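Since every read-out is calculated from the coordinates, none of them should be taken as a lab result. All values reported here derive from a predicted model rather than from experimental measurement. Counting neighbours? That spans all protein chains shown, and the Cβs are built from the backbone with ideal geometry, glycine included.
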Amino acid sequence: TSISSYWRSRRRQSISQERHKSRPIELRSNEVVYGVTGLIGNTPLVRIDSLSDALGVEILGKAEFLNPGGSVKDRVALRIIEDAEQRGLLHPHTGSRIFEGTVGSTGISIATIAKARGYDTTIIMPDDVALEKVNALQALGADVQRVRPASIVDKKQYVNIARRAAIEFGRSDIGKGLENAHKSHELHTGSASVVVTTTSSHVNAEGSTDDPLDEDLLSKPRGFFADQFENRSNFEAHYDGTGPEIWRQTNSHVDAFVSGAGTGGTIAGIGRFLKSMDEEVQVVLADPEGSGLYNKVKHGVLYDRREAEGTKRRHQVDTVVEGIGINRMTNNIDLGIPIIDDAFRITDVEAVAMSRYLVQNDGLFLGSSSACNLVACIKFVKKRGWRDGQTLVTILCDSGNRHYSKFWNDDYLRKANIPVDRSIIDDLIAQP
Ligand code: PMP
């Protein structure tokens, strides 16, 4: 396979000498897959040649933008829906509807997979989200409802509206729902063991979980709240899927895994899986401006009041990096924080510079969170003084084509006073 030839050639000689030889195009897979969900996952790792060669390490990006819904979130949406089906909370072709509150890629992934599985989708989002996302969701047949932006503690916040709408949708058929019934689960990863809480919004009036075998319920339309922030299926999609893929693709050798966190599912799931294979793997957080996670990792609190003056907070500020950064703890973030070894703050300016650098040098057209991840790779390598071919793996979450209206819009950036200057990356690389 192409994977083993990569490792074979690494042993023989440096990749940089090898890579310019022309090679026949290899098929990613010679199987016929079943439907759109068969296209999800099994993404290649792509070596970022410019950065790897400049730094003397191997920087490998998991090409998640190749998923059919265009992002890493396809894995999560599929796992959430499959787990709900298994628990008897969703039944295909019964008029059931999946609800989610999301500004980003998750809605597109859910809408895509829902149609393939026989469900409808309602996506609730703030009304300041880029119109192209609304258009994409509508094209995928989702019902899109835009609401006034609000804080997470407000019941009018879009995630809270989605939860409520899911309960109310099912209410006439399945009885009064009780939201937020908590269950404790024990999680074992290698030697570490922590207790986490998951949220189920599908609990009947008596407080017991719906019986999946109740024939009466099977044919009735159901409302289901996907709940990516709290739903443990998000973590598991990465712990069972993305993590093992990376381990196989790297021949069981990863020195560091670098990722941002939005819901936390990616860094927690992949990070915990890799550490369960090799506890030496360094898990590194790339945190954008306005997010509290850097502080949480470094100082144990999300938000340090002493430095609050003049600090941007994510929900108040229009940053150009989308999909990562958060100022509250979620079940999935909770799973991630204890295993993060180091964290870096990444500015909008650095992320923009990286995205332009990658197009110029590698022909890679990536979204804002991928760019943040790669800036963090440089900062981490510099801090550790690595230059002996160590392997860093990161996630290329989505492509630049999701970001035309802000991150990839030079006019927009100019008005926002964000310089577009890829030499910033050369400077980062040149630092001692
Ligand atoms: N990048 C993009 C483009 C995303 O949409 C998201 C999810 N919000 C992430 C990164 C972060 O992934 P996670 O939710 O697993 O932390």
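Which residue pairs have Cβ atoms closer than 6 Å, lie 6 or more positions apart in sequence or on different chains, and pair a first residue in the range 122-135 that is under 26 Å from residue 95 (Cβ atoms) with a second residue that is in a helix (DSSP H, G or I)? Note: pairs meeting the criteria are 123/107; 123/137; 124/158; 124/161; 124/162; 125/158. Has the range 108-118 got at least one residue that is within 15 Å of the ligand (Cβ to nearest atom), in contact with a helix residue (DSSP H, G or I) (Cβ under 9 Å, 6 or more places away or on another chain) and in contact (Cβ under 8 Å) with a residue 60 or more places away in the chain? The answer is yes, given that some residue of the range 108-118 is within 15 Å of the ligand (Cβ to nearest atom), in contact with a helix residue (DSSP H, G or I) (Cβ under 9 Å, 6 or more places away or on another chain) and in contact (Cβ under 8 Å) with a residue 60 or more places away in the chain. Any residue that is away from the ligand (no atom under 16 Å from the Cβ) and closer than 28 Å to residue 166 by Cα - is there at least one of those in the range 224-238? Yes, there is a match, as at least one residue in the range 224-238 is away from the ligand (no atom under 16 Å from the Cβ) and closer than 28 Å to residue 166 by Cα. When the residues of the range 318-367 are filtered to those that are hydroxyl-bearing (Ser, Thr, Tyr) and in contact (Cβ under 8 Å) with a residue 60 or more places away in the chain, which remaining residue is nearest to residue 149 (Cα to Cα)? For the range 318-367, the residue satisfying everything is 330. With a requirement of 3 or more residues that are within 14 Å of the ligand (Cβ to nearest atom) and polar (S, T, N, Q), the helices (runs of 4 or more DSSP H) lying completely within the range 317-421 that satisfy it span 368-384.
Of all residues in the range 94-123, those satisfying the criterion of being polar (S, T, N, Q) and over 19 Å from residue 75 (Cβ atoms) are 94, 96, 122.
On the stretch given as the range 119-134, residues that are away from the ligand (no atom under 16 Å from the Cβ) and either of a type in the set (Lys, Arg) or surrounded by fewer than 19 Cβ atoms within 10 Å (Cβ to Cβ) (or both) total 4.
Given the condition surrounded by 24 or more Cβ atoms within 10 Å (Cβ to Cβ) and among the small types (Gly, Ala, Ser), answer yes or no: does some residue in the range 383-402 qualify? Checking the range 383-402: not a single residue is surrounded by 24 or more Cβ atoms within 10 Å (Cβ to Cβ) and among the small types (Gly, Ala, Ser). Listed conditions (1) crowded, with 24+ Cβ neighbours inside 10 Å; (2) assigned to a loop (DSSP other than H, G, I, E, B); (3) within 14 Å of the ligand (Cβ to nearest atom) are all met by residue 103, apart from (1).
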